[in-house]
């Protein structure tokens, strides 16, 4: 009887393992399938629009226009780096501005891989800061920086949705969608403000709840104190340094302003005389496209297709919208390439610092394994 029970349990375990392997295989296949479909969509959009049309639009923008786009992209990274440095609640005079700029570019370069890339990019920022900054401060600063960027993105989206309703001749359905998006974002911002103001322990509470799961409890046990310290730094930043908080918020808004200027410059050089308010609408809708595209690594295809839809809403050709998207993608790839170079250089430097010298490893001058 015991033998039959053992056989049954073994059979059940084998079936469970087979099911798990099948799920993993399907997940991996889907992970590769989505970007492939995105690339095929992009190729189809270019062919449907006509490569000659796209090239003509690019020639219209010219080197001056594209140079301004690259310059505005670099200015945005500088502003966001300045904003990030303000979120540290410790002395970072030993961490140069150039180093934090490099870490910012590394994070942005990894983030183009979609939602997993964003998580890995933020983890890379924390890791490469190393021991120069306490771990709790590194985590809280990166979390604050990302949170403020999301907060200001929502503010820009709300302003853009309202501007779209006022400026554009939208159908009734599109007006309802725009107003619902604005109201939803406003409600989310209000909830976040209340949570920070009331000092609700959201992060540590979620970590404790997740920690009840057996398979992750051991991993989280040693990190709960770090999470609580990072959460305390988050609250302290808002309550004890309100001036710095608002300064960082304004800088993040300034970085979004460079993106709006980028759209305006591209429209201007393409001969489409649109106002800055229309550029604000385009940028707000682009942010919504980016949210939808987080499930698509690199947002390839979905970003370009979404921009073609937005172009129709502001009464310009789909080809112009595709060209704007392609120019902005090239700008992203340009600075991502700089970020990849920074990652190579800083990773090697980090590894050299992690390898102990002989004097540090064996202070008595002898290897205890050989003595």
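The values are calculated or read from the model by the stated rules, or taken from the named source; none is laboratory data. Treat the numbers as computed from the prediction; the structure is a model and nothing was measured. Here Cβ is always computed from backbone atoms with ideal geometry, including for glycine, and neighbour counts include all displayed protein chains.
Per this entry, residue 320 is counted among residues that are more than 23 Å from the chain's Cα centre (by Cα), buried (at least 19 other Cβ atoms within 10 Å of the Cβ) and part of a helix (DSSP H, G or I). Within segment 106-127, one or more residues are in contact with a helix residue (DSSP H, G or I) (Cβ under 9 Å, 6 or more places away or on another chain), free of Cβ contacts under 8 Å to residues at least 60 places away in the same chain and closer than 30 Å to residue 319 by Cα. Contact map, segment 31-58: first residue buried (at least 16 other Cβ atoms within 10 Å of the Cβ), second residue assigned to a helix (DSSP H, G or I) and at pLDDT below 85, Cβ cut-off under 9 Å, separation 6 or more or different chains; pairs are 34/295; 34/297; 35/297; 35/298; 38/293; 38/297; 38/298; 38/299.
Would you be able to say whether some residue in segment 1-18 is over 27 Å from residue 266 (Cβ atoms) and either modelled with pLDDT of 60 or more or not in a helix (DSSP H, G or I) (or both)? Yes - at least one qualifying residue is present in segment 1-18. Quick one: in segment 63-103, of everything that is outside any helix (DSSP H, G or I) and free of Cβ contacts under 8 Å to residues at least 40 places away in the same chain, which residue is farthest from residue 348 (Cα to Cα)? Only one residue tops the list, namely 91.
Residue count for segment 192-206, restricted to those that are modelled with pLDDT under 75 and in a helix (DSSP H, G or I): 10. Does residue 334 satisfy the condition of being surrounded by fewer than 20 Cβ atoms within 10 Å (Cβ to Cβ) and in contact with a helix residue (DSSP H, G or I) (Cβ under 7 Å, 6 or more places away or on another chain)? The answer is yes for residue 334. What number goes with the only condition from (1) within 24 Å of residue 293 (Cβ to Cβ); (2) modelled with pLDDT of 85 or more; (3) not in a helix (DSSP H, G or I) that residue 113 does not pass? With respect to (1) within 24 Å of residue 293 (Cβ to Cβ); (2) modelled with pLDDT of 85 or more; (3) not in a helix (DSSP H, G or I), residue 113 is out only on (2).
Residues considered: 291, 310. Of these, the only one that is out of contact with any strand residue (DSSP E or B) (no Cβ under 8 Å at 6 or more places or on another chain) and either surrounded by 22 or more Cβ atoms within 10 Å (Cβ to Cβ) or part of a loop (DSSP other than H, G, I, E, B) (or both) is 310.
Checking the conditions here, which among 130, 160, 147 is farther than 19 Å from residue 97 by Cα, under 22 Å from the mean Cα position of the chain (by Cα) and either at pLDDT below 85 or not in a helix (DSSP H, G or I) (or both)?
One residue alone meets the criteria, 147.
Considering segment 255-276, and only residues there that are assigned to a loop (DSSP other than H, G, I, E, B) and either on the phi < 0 side of the Ramachandran plot or at pLDDT 95 or above (or both), the residue that is surrounded by the fewest Cβ atoms within 10 Å (Cβ to Cβ) turns out to be 273.
Of the candidates 40, 45, 68, 72, the single residue that is under 25 Å from residue 297 (Cα atoms) and at pLDDT 90 or above is 72.
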